[in-house]
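The values are calculated or read from the model by the stated rules, or taken from the named source; none is laboratory data. It should be emphasised that the depicted structure is a prediction, and the values quoted were computed from it without experimental measurement. Note that each Cβ is placed from the backbone with ideal geometry, even for glycine, and that neighbours are counted across all protein chains shown. We work out accessible area using only protein heavy atoms, side chains counted, and drop any ligands, DNA or RNA first. Shrake-Rupley method; radii C 1.70, N 1.55, O 1.52, S 1.80 Å.
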Amino acid sequence: MVDLGVLSLLDVLPDPVTGHGADVAARYRSLVRLAVRAEQAGFCAVGVGEHHFSHYALPSPFLVLSYAAAATRTIELGTSVTLLANADPVRIAEDLATLDVLSGGRAEATFARGVDTNTMTAFGIGSIDELRPRFEEHLRLVLRLLTEDEVTWSGRFRAPLDRVRLSPRPVQQPHPRINIGGGLSTVSADLAADLGLPFVLPSLFRFPEDYRAIVDRYRSRMTANGFGDRVSVTFPCYLHVARTSQQARSRWRPYFENYVEFASMVRSAGARSFAFDELTRGPAICGSPAEAVDRLGSIAEQLGLSRLLVLLDAGGIPTGIVDEVIDLVGAEVIPALRRP
């Protein structure tokens with residue numbers, strides 16, 4: 001049994017079939033529509049990514065998720081990811097707690113250090129060597145702010161705190177779900193395991209089996225640290241479903257190839273291939289509902305996943321098609337994946 005959430009990185013790309021240009025405002029509206037539709041279809045969560053200065057047009061996930069909170073009732077609302085090394089941890093803790101209050105206890109965040117040097121420089125970080133220690137320091141401070149009544153603290157990368165009390169306090173106790181985003185680096189996996197936090201793999205073009213060793217390391221370390229009952233691993237993949245495999249492949253191919261051409265410049269680390277037929281045997285799933293159930297179930301079993309996030313709206317694909325996919329996944333894929 002595995003839960004299915006939906007992920008959007010809000011790429012703003014032209015429709016490769018019609019040639020129509022992208023509309024940033026329309027994409028923002030479509031993201032809220034995505035959250036509402038996903039909730040109705042039975043998805044467990046919606047995650048939105050943070051990017052700056054690119055064709056990914058979502059620099060402020062908490063703002064968008066707060067808007068989505070007003071339009072939904074049950075679906076969990078999370079960042080995927082928040083670039084914590086670039087941000088003030090006090091403000092991030094406040095934003096997460098505020099979202100948790102507004103949503104009635106449905107907020108979550110995935111924190112990662114980030115690797116983009118342009119973003120790092122724009123946010124005043126002088127060296128890429130600072131990113132990892134900044135990330136860990138900020139993460140530990142966020143956890144303290146969310147869980148302790150008053151925090152007195154000093155560190156390397158921001159001004160000290162003297163008896164600071166976070167307000168508002170989050171609804172979820174001891175704090176909203178906080179995931180650590182990582183890749184093949186052992187450092188992020190070890191940090192997640194040492195803190196007893198869920199681990200989220202990246203939305204790259206790598207095959208699921210490429211992450212087996214790092215997932216096994218995380219799981220073993222969680223158990224050794226006494227957190228074996230908290231082991232939680234999430235894997236994001238690309239998904240398109242139609243009534244038949246032929247329809248799914250012919251409809252999705254131009255949109256996915258459009259996205260791959262763009263995203264391969266920034267999300268290419270370790271990819272074996274960018275060819276459609278190869279990717280749809282690995283991190284991308286395209287076919288009938290039955291094929292989607294088989295592939296998603298196989299990936300979940302292979303990595304011991306508690307949750308899968310599926311990216312449905314990439315590459316300039318029209319909102320109407322995304323709606324069809326969400327409804328079909330909700331009707332025929334999610335119920336099958338939830339069966340014990």
## Note on the structure
Summing -39500 (n - 2.57) over every DSSP H run of at least 4 residues in the chain and dividing by its residue count gives a helix-only mean residue ellipticity at 222 nm, to the nearest 500 deg cm²/dmol, of -13000 deg cm²/dmol
### Task
With all protein chains present, calculate the accessible area of Arg249 using a 1.4 Å probe and round the result to the nearest 10 Å².
80
### Query
How much length is gained if the chain between Arg339 and Asn225 is pulled fully straight, taking 0.36 nm per residue apart and subtracting their Cα-Cα distance, in nm to one decimal?
38.0 nm
#### Entry: Computed FRET value (nearest 0.05) for Arg158 with Asp23, which takes r as the C-beta separation and R₀ as 35 Å
0.40
### Task
Give the percent of DSSP beta bridges with both residues in the chain that are antiparallel, rounded to the nearest 5.
10
### Message
Restricting to Cα pairs below 8 Å that are 6+ residues apart, what does the relative contact order work out to for the range 201-256? Please round to a whole percent.
### Response
35
### Query
Given a Förster distance of 30 angstrom, what is the FRET efficiency for Ser167 paired with Met265, based on the Cβ-Cβ distance and rounded to 0.05?
0.10
### Task
Report the convex hull volume per residue for the chain, counting only C-alpha atoms, in Å³.
127
#### Entry: Within the chain, longest stretch clear of exposed chymotrypsin sites (Phe, Trp or Tyr not before Pro) (DSSP loop, no more than 15 other Cβ within 10 Å)
158-273
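Largest first, what is the accessible-area ranking of Val231, Val101, Val142 with a 1.4 Å probe?
Greatest to least solvent exposure: Val101, Val231, Val142.
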### Under-5 Å amide H pairs with Thr82, H placed in peptide plane, nonlocal only
Thr110, Phe111, Ala112
### In order through the range 230-237: 3J(HN,Hα) via Karplus (6.51 cos²θ - 1.76 cosθ + 1.60), integer Hz, x for Gly, Pro
9, 4, 8, 10, 10, 10, x, 9
### Message
Show me the trypsin sites (Lys or Arg not before Pro) within the range 272-340 that DSSP assigns to loop and that have at most 10 other Cβ atoms within 10 Å of their Cβ.
### Response
none
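Per the Kirkwood treatment, what hydrodynamic radius in Å, one decimal, follows for the range 191-340 from the mean inverse distance over all distinct Cα pairs?
Averaging 1/r across every pair of different Cα atoms and inverting gives 16.2 Å.
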### Task
For Ile317, tell me the accessible area in Å² from a 1.4 Å probe, rounded to the nearest 10.
20
### Query
For the chain, modelled as a GNM with alpha-carbon contacts under 10 angstrom, which of Ser203, Ser154, Ser66 fluctuates the most?
Ser154
### Summary
Rounded to one decimal in Å, the inverse mean reciprocal Cα-Cα distance for the range 1-51, i.e. its Kirkwood radius, is 12.3
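Dipole of the range 66-202, Cα-centred, from +1 at each Lys and Arg C-beta and -1 at each Asp and Glu C-beta, to the nearest 20 debye?
In debye, rounded to 20, the range 66-202 gives about 180.
Please report, as a whole percent, how much of the solvent-accessible surface of the chain comes from carbon and sulfur atoms (probe radius 1.4 Å). Each step should come with its number before you reach the end.
Values: 7190 of 14140 Å².
It is 51 percent, rounded to a whole number.
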### Task
Using amide H atoms built 1.01 Å from N in the peptide plane, name the residues 5+ places from Leu311, or on other chains, whose amide H lies under 5 Å from its own.
Leu7, Cys237, Tyr238, Leu239
### Message
Can you tell me the length gained on complete extension of the stretch Asp149 to Val115, counting 0.36 nm per residue apart and subtracting the Cα distance?
### Response
8.9 nm
### Message
Let me check I've understood the local charge: for Pro289, count other residues with C-beta under 13 angstrom from its C-beta, Lys and Arg +1, Asp and Glu -1. What total comes out?
### Response
-3
### Task
On the full set of protein chains, 1.4 Å probe, figure out the accessible area of Met265 and give it in Å² to the nearest 10.
140
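Can you tell me how much longer the chain between Ser185 and Arg217 gets when fully stretched, taken as 0.36 nm per residue apart minus their C-alpha distance, in nm with one decimal?
10.4 nm
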### Solvent-accessible area per residue for the range 1-98 (1.4 angstrom probe, square angstrom)
40
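Would you mind getting the accessible area per residue of the range 270-325, heavy atoms of the protein chains only, 1.4 Å probe, in Å²?
For the range 270-325, the solvent-accessible area averages 34 Å² per residue.
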